[in-house]
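The values are calculated or read from the model by the stated rules, or taken from the named source; none is laboratory data. Computed from a predicted model, the values in this text were never measured in an experiment. Here Cβ is always computed from backbone atoms with ideal geometry, including for glycine, and neighbour counts include all displayed protein chains.
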Amino acid sequence: MRSRVAGAYSTVNYGIRPIGALVGGMLATVFGLRTTLITAAVGGALSLLWLLPSPIPRIRSLAHIDPLPADDGTETDTQPAPR
């Protein structure tokens, strides 16, 4: 399952790069290189703002999370980890 997720991530990541290069080139042509690079830097820094209201910054340990059952139809031990 992990390799499928990694493959999907890589496909999306490498597939979107040419589109980003085209958009960046068009913006640099229209607005100038300095303005485009400053806009990209600010946008990259602000892209982390969506994490602030999420529970991700407050997670300190994953021990309290129950493991997911196997999806292949076989029975597995799904007892939570001791605390």
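List of remarks:
- Cβ pairs under 8 Å, 6+ apart, first in region 1-28 and over 22 Å from ALA40 (Cβ atoms), second exposed (fewer than 10 other Cβ atoms within 10 Å of the Cβ) and modelled with pLDDT of 95 or more: none
- Of all residues in region 32-53, one or more are in a loop (DSSP other than H, G, I, E, B) and either loosely packed, with under 10 Cβ neighbours inside 10 Å or in contact (Cβ under 8 Å) with a residue 24 or more places away in the chain (or both).
- Restricting region 20-68 to residues that are under 15 Å from the mean Cα position of the chain (by Cα) and modelled with pLDDT of 90 or more leaves a set whose member that is nearest to MET1 (Cα to Cα) is GLY44.
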